[in-house]
Ligand SMILES: Cc1cc2nc3c(=O)[nH]c(=O)nc-3n(C[C@H](O)[C@H](O)[C@H](O)COP(=O)(O)O)c2cc1C
């Protein structure tokens with residue numbers, strides 16, 4: 001899938017969804033929906049040559065889990081507003097495409113139903129206002145078969161019109177979130193916002209679950225270093241799809257610094273604005289092991305269910321293979337070693 005095709009997908013989703021749902025998903029910190037993708041477009045490549053016959057390879061592993069390509073599904077809330085089966089459908093797509101799905105804290109689907117679809121999955125957690133519930137939820141995810149915990153460390157407070165906030169949606173899918181807590185636990189939590197995590201929470205989550213912890217939402221080399229020193233097995237460079245802070249650097253601008261700080265000791269992945277195979281090539285060339293795709297998958301789910309999401313993922317993987325060949329390298333690791341990509345202009 002190209003960026004233009006994904007834009008058509010977005011327009012199909014817009015036509016199908018209530019405006020408040022579409023606007024919630026599209027929302028960014030400063031209203032510029034394409035800012036992150038534009039920054040990926042601005043990456044410049046130095047294509048290599050004279051490397052003989054090339055056989056592009058996109059299969060890899062993420063924290064030891066094999067995947068057919070490095071394009072993973074980002075954890076996103078409110079997926080039942082895109083499709084009544086939400087993450088069940090999303091996980092079916094991941095299984096069909098040979099990749100991994102991130103499952104949001106705010107899923108409306110029980111872990112077991114997601115796990116049944118056969119795709120590897122990572123559980124994304126916020127630090128809930130009631131700390132004991134954070135550990136309980138993560139333990140439940142581990143028991144249900146999650147392969148890692150994604151600890152989101154950025155706090156977003158989107159400024160959207162009140163009717164666009166999920167708590168105010170007339171159809172109420174937001175009230176079905178946190179499906180993996182009991183009704184009593186949800187009542188105890190109430191509407192209190194998540195807390196800002198500290199370094200100790202990384203080891204705590206690892207010890208409670210026995211799973212590797214990946215810290216999601218890092219934009220600085222020093223923070224990545226502190227996270228890895230505190231026990232993180234990986235970090236995700238992310239602006240939460242440009243939803244965090246107006247005026248923030250883009251994910252691609254932070255990637256090189258983070259890879260330099262921790263790339264030798266931890267797996268670095270990236271998301272925000274990844275919209276075509278060339279963007280994935282840029283991420284791999286800058287040292288990422290994998291990328292997460294957010295809104296394009298949400299739109300594909302709304303437009304065409306699991307088949308649409310699988311088509312999106314397969315299409316991006318095909319484009320990545322082609323982009324590798326056009327760049328004159330066979331793998332992401334070769335792209336990185338060849339210093340194929342350069343970020344300019346921030
Ligand atoms: C509608 C929506 C809901 C999201 N929900 C979550 C969430 O529950 N937890 C989380 O860590 N990130 C969440 N994210 C952020 C995504 O995981 C990811 O970082 C972002 O969507 C990537 O950018 P992209 O949409 O441009 O691909 C959400 C993003 C969107 C658009």
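Assorted remarks:
- Pairs of Cα atoms nearer than 8 Å and 6+ residues apart set the relative contact order; for segment 124-238 it is 33 percent.
- When the alpha carbon coordinates of the chain are projected onto the principal axes, the ranges are 64, 46, 40 Å, largest first.
- Counting only alpha carbon atoms, the long axis of helix 295-327 and the longest principal axis of the chain meet at about 20°.
- Shape annotation for segment 80-196: C-alpha extents along the principal axes are 38, 30, 27 Å, from largest to smallest.
- Ellipticity at 222 nm from helices only: DSSP H runs of n ≥ 4 in the chain, each -39500 (n - 2.57), divided by the residue count, give -13000 deg cm²/dmol.
- Between 0 and 90 degrees, the angle of helix 86-97 with respect to the longest Cα principal axis of the chain falls at about 30 degrees.
- Measuring nothing but how far apart in sequence close Cα pairs (under 8 Å, 6+ apart) lie, relative to its length, segment 3-342 scores a relative contact order of 26 percent.
- Residue 16-residue 207 pseudo-label distance in nm [points 7 Å out on the Cα-to-Cβ vector]: 4.6
- Comparing Cα centroids, segment 291-346 and segment 189-231 end up 27 angstrom apart.
- Placing R0 at 30 angstrom, the Cβ-Cβ distance between residue 33 and residue 129 gives a FRET efficiency of 0.50 after rounding to 0.05.
- Rounded FRET efficiency, nearest 0.05, which uses the C-beta distance separating residue 116 from residue 342 and R0 of 56 Å: 0.80
- Relative contact order of segment 119-183, pairs being alpha-carbon contacts under 8 Å that are 6 or more residues apart, as %: 33
- On full extension, the segment bounded by residue 265 and residue 139 gains 42.8 nm, given 0.36 nm per residue less the C-alpha separation.
- With R₀ fixed at 41 Å, the C-beta to C-beta distance from residue 50 to residue 229 puts the FRET efficiency at about 0.50.
None of the figures in this text is laboratory data; all of them are computed from the coordinates on show. This one's a predicted model, so the numbers in the text were calculated from it and none came from an experiment. All Cβ positions, even for glycine, are placed from backbone atoms using ideal geometry, and neighbour counts span all protein chains on display.
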